[in-house]
Amino acid sequence: MSMLTPPGMGGKYRITGDKYPRMRRPRHRRRIVTAAVAAVVALGLAGWGTVQLIDAFDGESEKKTTAAHKPGCAPAKKSGPSAPPPKPAVNLKPAQITVNVYNATPRGGLAKAAAEELKARGFTIGKVGNATADYDKKIPGTGILLGAPAAVKGPFSVLGTQLPGAPTKTDTRTTADVDLILGTAFTTLAPRPSADKALTILANPVRPACL
């Protein structure tokens, strides 16, 4: 009988050998699996957060770059002589433009009334009367601006402030005068305050500053 066997015990309770039996708890596999999954999730969240942080910085940089290169976007105003004001887009004054006013509608007196109003607004008035057969009762809109190709560079823009939306057309004339042919939808010129404001913006355009 072994020395490890308590007195009076034998048989199946008999302990043999010179080593104590090792008592181990069963492995908690579920806890191990849970811990592993948690570690993987934590690493994934950390990586996702890093990517989002990098994207945020890249997004801000892209916005700044896009704004800096946006067409028509001017740098913010700077103090001092290094920031001159923007140059006027059109230097023409209404008095420098001679306007011929023609009536292409079946209503009488429109050409004379429009010519008087344009004169009061500073334009130089040329001929006033009925439109020629090429345009008489053939203009469905409010009117049309007609002139030489050179009129596109300024006179059309200035006169267009008095009748917004009127289309323009060039012909073979070599003179600097411009025709305003009133169409059947014409009722009156643009209100003077809005027309004057449009002239001011035309002569002194303000470009938006980049942020």
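Have a look at L159, P193, A176 and report the one farthest towards the positive end of the charge dipole of the stretch 148-211, computed about the Cα centre with Cβ charges (Lys/Arg +1, Asp/Glu -1).
P193
Pulled fully out, how much extra length does the chain show between A133 and R107, if you take 0.36 nm times their separation in residues and subtract their Cα-Cα distance? The partial results should precede the final answer.
Numbers: separation 26, 0.36 × 26 = 9.36 nm, distance 1.55 nm.
The A133-R107 span can extend by a further 7.8 nm.
Please compare each pair in K112/K137; K93/K137; K137/K169; K137/K197; K112/K153; K119/K169 to a cut-off of 25 Å on the Cα-Cα distance and tell me which ones are over it.
Numbers: K112/K137 17 Å; K93/K137 31 Å; K137/K169 17 Å; K137/K197 32 Å; K112/K153 27 Å; K119/K169 23 Å.
Flagged as over cut-off: K93/K137; K137/K197; K112/K153.
Which value, in Å² rounded to 10, gives the accessible area of D179 with a 1.4 Å probe and all protein chains present?
Using a 1.4 Å probe on the heavy atoms, I get roughly 20 Å².
Identify the residues of the stretch 160-177 with backbone N under 12 Å of a label point that sits 7 angstrom from the Cα of V152 along the Cα-to-Cβ direction, or state none.
168-171
The values are calculated or read from the model by the stated rules, or taken from the named source; none is laboratory data. Computed from a predicted structure; not experimentally measured. Neighbour counts are summed over all protein chains in view; Cβ atoms, including those assigned to glycine, are modelled from backbone coordinates with ideal geometry. Keep in mind that these areas ignore ligands, DNA and RNA; they rest on the heavy atoms of the full protein, side chains included. Shrake-Rupley method; radii C 1.70, N 1.55, O 1.52, S 1.80 Å.
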